[in-house]
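K.L.:
So that we are looking at the same thing, I have put the structure below in structure tokens.
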Amino acid sequence: MFFPLEKFKEKKKIVLLRADYNVDFNRKGMLLDDFRLRQTLPTINYLEGLKSKIILATHLDRPKKYDKSLSTKRLIPFLERIFQKKVVFLNNFSQEEETIKKKIEKYPFPTIFLLENLRFFKGEVERDKSFARQLSSLAEFYVFDAFSVCHRNHSSVTLLPKLLKTYQGKLLTQEIENLKKVMENPVKPLTLILGGFKAETKLPLIERWQKMADYILIGGVLAATFLVAQKKEVGKSIYEPFLIPKAKEILKKGKIVLPVDFAVVRCQRKKNVEIENLRKNDLIQDIGKETIKNFSQIISQSKTIVWNGPMGCFEDKRFRNGTFSLAQAIVSTKAFSLVGGGETLLALKQSKVREKFSFLSTGGGAMLQFLSGKKMPCLKN
């Protein structure tokens with residue numbers, strides 16, 4: 001059971017805070033987006049107000065063993081800039097437990113510490129009880145503020161709350177409140193926009209939302225899968241063959257709005273092509289001009305909009321028009337807009353309209369699972 005953070009009033013305590021700082025870096029080692037780091041500030045500030053020693057726990061990527069490039073130590077300069085405080089790195093806590101405890105004791109209240117990448121240790125992913133006990137022994141209380149891993153059955157997600165009295169971080173509270181808002185009491189018309197990859201995680205969401213939404217707009221790789229289900233030519237574009245039968249079932253139930261044209265690579269050049277004119281060597285990279293108009297028209301009539309997944313390969317400046325145009329269309333409305341997914345948030349940052357959305361979710365897979373109505377291992381949803 002998670003208690004509201006506001007009920008935690010004890011001063012000068014050692015608090016273990018599970019955050020999600022799973023962020024991406026460019027080749028020069030610079031952070032691509034500090035959004036997830038900044039979102040934990042309200043919880044950090046609250047705990048600092050109580051003079052807490054805060055031990056931050058997070059993961060980076062999915063390493064199988066120690067990898068210097070995925071050490072959380074590289075996060076420290078960025079965290080210190082955001083927190084305006086020194087952050088003390090705690091190295092291999094599972095092998096040097098007593099040494100780490102003494103190090104924590106040595107520092108005054110309040111101090112912020114950062115543990116090494118949790119996924120360097122098999123016990124995290126394998127949900128090992130002894131690993132969870134080692135982790136819990138470092139602190140007196142636990143604060144869980146990592147919505148984006150709520151769908152993972154890992155030690156820090158499901159075991160630690162059983163070992164320490166646990167409070168729900170401010171970010172997690174916001175995430176749940178806003179996701180419930182679009183699920184339980186949305187202002188209609190309600191529009192769901194889905195793009196990107198991983199159709200397997202999005203089809204259950206589409207099935208559930210066909211009963212709730214007025215429109216479901218499909219772009220990205222997801223669109224190619226649906227077009228193949230309609231026996232349309234998609235050229236060399238990526239799609240997921242094993243999901244074709246499920247896509248056919250979904251199409252029969254209605255509310256799906258698919259692209260009518262695309263921006264493709266043809267003879268190494270960008271070209272806008274209608275679906276009927278797609279060739280076998282074409283590679284779909286973005287939704288086309290007419291599709292942007294169709295989608296934007298639906299968006300302009302919507303009162304609630306939920307978005308996960310870019311419309312195309314926005315990393316290439318030639319193919320960001322679909323994603324950027326829909327972003328602009330959404331923020332031009334008075335609709336309540338909720339958007340999530342790492343790629344989508346990065347695209348919106350580049351579009352320079354991200355802060356105009358009503359709510360930005362830190363979750364990608366967790367957001368999809370929550371909106372699909374599936375149980376989250378550490379939440380009673």
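K.L.:
Straight-line reach only, C-alpha to C-alpha below 20 angstrom: list the aspartates and glutamates that Lys102 could link to, leaving out same-chain residues fewer than 8 apart.
P.N.:
Glu116, Glu140
K.L.:
Now, a different point. Determine the percent antiparallel among the DSSP beta bridges restricted to the range 2-168, to the nearest 5.
P.N.:
5
K.L.:
Can you pull the three principal axis extents for the Cα set of the range 175-371, in Å, largest first?
P.N.:
47, 36, 27
K.L.:
Quick check on the exposure proxy: order Met367, Met183 from fewest to most C-beta atoms within 10 angstrom.
P.N.:
Ordered from fewest to most neighbouring Cβ atoms within 10 Å, Met367, Met183 come out as Met183, Met367.
K.L.:
Any aspartates and glutamates with Cα under 20 Å of the Lys255 Cα? List them, leaving off those in the same chain fewer than 8 positions away.
P.N.:
Filter leaves Glu184, Glu200, Glu207, Asp214, Glu290.
K.L.:
Take Leu283, Leu258 and order them by how many other Cβ atoms sit within 10 Å, fewest up front.
P.N.:
Placing the least packed residue first, the sequence is Leu283, Leu258.
K.L.:
Past the 19 Å Cα-Cα mark, which pairs from Lys12/Lys103; Lys85/Lys165; Lys317/Lys352; Lys13/Lys73; Lys53/Lys162?
P.N.:
Lys85/Lys165; Lys13/Lys73; Lys53/Lys162
K.L.:
I've got another one for you. Can you give the net charge of the other residues whose Cβ lies under 9 Å from the Cβ of Phe113, counting K and R as +1 and D and E as -1?
P.N.:
Result for the local shell: +2.
K.L.:
Do any of Lys232/Lys293; Lys198/Lys236; Lys252/Lys356 go past 25 Å between their Cα atoms, and which?
P.N.:
Table pairs above 25 Å Cα-Cα are Lys252/Lys356.
K.L.:
Here is a further query. Multiplying the sequence separation of Lys270 and Lys253 by 0.36 nm and subtracting their Cα-Cα distance, what value in nm do you get?
P.N.:
Numbers: separation 17, 0.36 × 17 = 6.12 nm, distance 3.41 nm.
Value of the extension gain: 2.7 nm.
K.L.:
Within 10 Å of each residue's Cβ, count the other Cβ atoms and sort Met30, Met376, Met311 from fewest upward.
P.N.:
Ordered from fewest to most neighbouring Cβ atoms within 10 Å, Met30, Met376, Met311 come out as Met30, Met376, Met311.
K.L.:
Now for a separate question. In nanometres, what is the gap between the two model label sites at Gln328 and Tyr107, each 7 Å from Cα along Cα-to-Cβ?
P.N.:
Placing both labels 7 Å beyond Cα along the Cβ direction yields 4.6 nm.
K.L.:
Between the range 1-53 and the range 316-344, what is the C-alpha centre distance in whole Å?
P.N.:
Rounded to whole Å, the Cα centres lie 27 Å apart.
K.L.:
While we're looking at this one, here's another question. If you place +1 on the Cβ of every Lys and Arg and -1 on the Cβ of every Asp and Glu, how big does the dipole about the Cα centre of the chain come out, in debye to the nearest 20?
P.N.:
That gives a dipole near 200 debye.
K.L.:
Provide the FRET efficiency to the nearest 0.05 for the Lys73-Phe242 pair, computing r from the beta carbons and using R0 = 25 Å.
P.N.:
Efficiency computed from Cβ-Cβ geometry: 0.05.
K.L.:
Also, quick follow-up: Return the long-range amide H neighbours of Leu17 (sequence gap of 5 or more, or a different chain), with a cut-off of under 5 Å between placed amide H atoms.
P.N.:
Ile55, Leu56, Ala57, Val143
K.L.:
Here is a further query. Counting DSSP beta bridges in the chain, what percent are antiparallel, to the nearest 5?
P.N.:
So the antiparallel bridges amount to about 20 percent of the total.
K.L.:
Taking loop as defined by DSSP and a crowding limit of 15 other beta carbons within 10 Å, which chymotrypsin sites (Phe, Trp or Tyr not before Pro) in the range 41-139 fit?
P.N.:
Tyr66
Taken together, the values in this text are just the output of simple stated rules run on the coordinates, not laboratory data. Keep in mind the model is a prediction, meaning the values are calculated, not measured. Neighbour counts are summed over all protein chains in view; Cβ atoms, including those assigned to glycine, are modelled from backbone coordinates with ideal geometry.
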